[in-house]
Amino acid sequence: MRKPIKHAVTHDHLLALVPTGPAWQVDWGEIWPLWSELATLDACPQDLIHHAEGDVGTHTRMVVEALVADPDWQGLPEVDRTNLFWAAVLHDIGKPAVTKHEDDGRISSRGHSRVGASIARELLWYAGSPFAWREALCGIIAHHQLPFWLIERPDPQRMAIETSWRCRPDHLCLHAKADAMGRKCEDQQSILENVSLAALTFQEANCWDHQFAFANDESRVAFFELEDRDPHYEAHEAFPCTVIVMSGLPGVGKDTWIGKNCPEHPVVSLDTIRDELGVSASDNQGQVIQAAHERAREHLRAGRDFVWNATNVTRQNRSRVLRLLRDYGACVEIVYLEENPDQLRHQNRERPDAVPEAVITHLSKKLEPPQLWEAHRVNLV
């Protein structure tokens, strides 16, 4: 388990370290000591077939230098330049956690993109980076290898459309080009060609520098649910009820938000059900979930608007309740609340039923804020 992250780095400091013209000089002496996670990259080996340059730290610095030297990056608006710069610095931050020496002598790092996005999210949360900026960066990290192999997938256009709702494709391909340039391997030219073909695929799917435009919210939700759904199909929208699904770490203020914004709505609260059943948060939650789902079904059968109140900080947890709501044809709105770490812990301590800080730390490392494609509406508070 990763140790709690210290508060030394600020977002303003990160912005100040992004190179500017005309020199475009990267200050590695300032950047590399920022987080201990960066130092571990220098000791993390890579498979020499794909990375003859050596360790992850060397590769990372080569990628960043390639990005900074790219006129396409230099010509971006400042907010995009800073975002892609730090995405490049952190793009392989997950490798030390998953790198493995295989029996055949090869080195693998399966899952490092997803793990890296999680680590970067926590680092930038503590740094106080704006939510949208941070999540755009994490989207790049989570999918940074996709342009390498997109064209080889059975349905690359569908994957391109999906990806456009997870990160910005033109920025993703710009990063991928730098990632390919920042390595030594025999197939570098082939990788660059695949990145170019991925760019063409995004352009042909009409989602190169923006999200693919679905006919309406239901069309989008159905597309992500059904593998054979035509992205251009206009789905009928007629919902028997609307369900608000809360999401956020303990102590962030979900109950307060509900009280202010929908005080008349019935609430299915996992905390309340735990109290009623005498089940601790550390106990098996099967009985609690079963009771919550049954209460939700009662509201759904009656066509009644209600609130589902739980932490729902991972996509897997949200998917269970979202599937139930979709089975009844409900319109789903996710409300995600977030506070900076200090304020969150202060609010938690003020609660009569304060959650142990170790639990908050554990959940913050797993945090996956809801993305816009997960529901009909996603409200980020």
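Side notes on the structure shown:
- Segments classed as helices (runs of 4 or more DSSP H), wholly inside the range 1-77, with at least 2 members that are modelled with pLDDT of 95 or more, over 30 Å from PRO341 (Cα atoms) and in the same structural domain as ALA117 (by TED's automatic domain parsing): 56-68, 71-74
- Residues in the range 242-267 that are without any contact (Cβ under 8 Å) to a residue 24 or more places away in the chain and buried (at least 18 other Cβ atoms within 10 Å of the Cβ): 0 in all.
- Listed by first and then second residue, the pairs linking a residue in the range 129-143 that is touching a residue at least 24 places away in the same chain (Cβ under 8 Å) to a residue that is of a type in the set (Phe, Trp, Tyr), with Cβ atoms under 8 Å apart and 6 or more places separating them unless they lie on different chains, are LEU137/TRP86.
- Test: residue in the range 81-92 that is part of a loop (DSSP other than H, G, I, E, B), crowded, with 17+ Cβ neighbours inside 10 Å and among the charged types (D, E, K, R): yes
- No other residue among PHE239, PHE224, PHE202, PHE212 is farther than 22 Å from ARG377 by Cα, aromatic (Phe, Trp, Tyr) and in contact (Cβ under 8 Å) with a residue 40 or more places away in the chain apart from PHE202.
- Condition met for SER129 (of a type in the set (Ser, Thr, Tyr) and surrounded by fewer than 23 Cβ atoms within 10 Å (Cβ to Cβ)): no
- Residue selected from the range 297-325 under the condition of a type in the set (S, T, N, Q) and part of a loop (DSSP other than H, G, I, E, B), by the criterion surrounded by the most Cβ atoms within 10 Å (Cβ to Cβ): ASN312
- Members of the range 353-381 that are assigned to a helix (DSSP H, G or I), buried (at least 18 other Cβ atoms within 10 Å of the Cβ) and touching an Asp or Glu at 6+ places or on another chain (Cβ under 8 Å): SER364
- Sole exception among (1) closer than 25 Å to THR256 by Cβ; (2) in contact (Cβ under 8 Å) with a residue 60 or more places away in the chain; (3) surrounded by fewer than 18 Cβ atoms within 10 Å (Cβ to Cβ) for CYS331, by number: (3)
- When the test is whether a residue is of a type in the set (Val, Ile, Thr), within 15 Å of PRO370 (Cβ to Cβ) and modelled with pLDDT of 95 or more, VAL268 does not pass it.
- The one condition from (1) in a helix (DSSP H, G or I); (2) surrounded by fewer than 19 Cβ atoms within 10 Å (Cβ to Cβ) that PHE202 does not meet is (2).
The values are calculated or read from the model by the stated rules, or taken from the named source; none is laboratory data. Just so we're clear, the structure is a prediction, and the values are computed from it rather than from any experiment. Backbone-built Cβ (ideal geometry, glycine too); neighbour counts: all protein chains shown.
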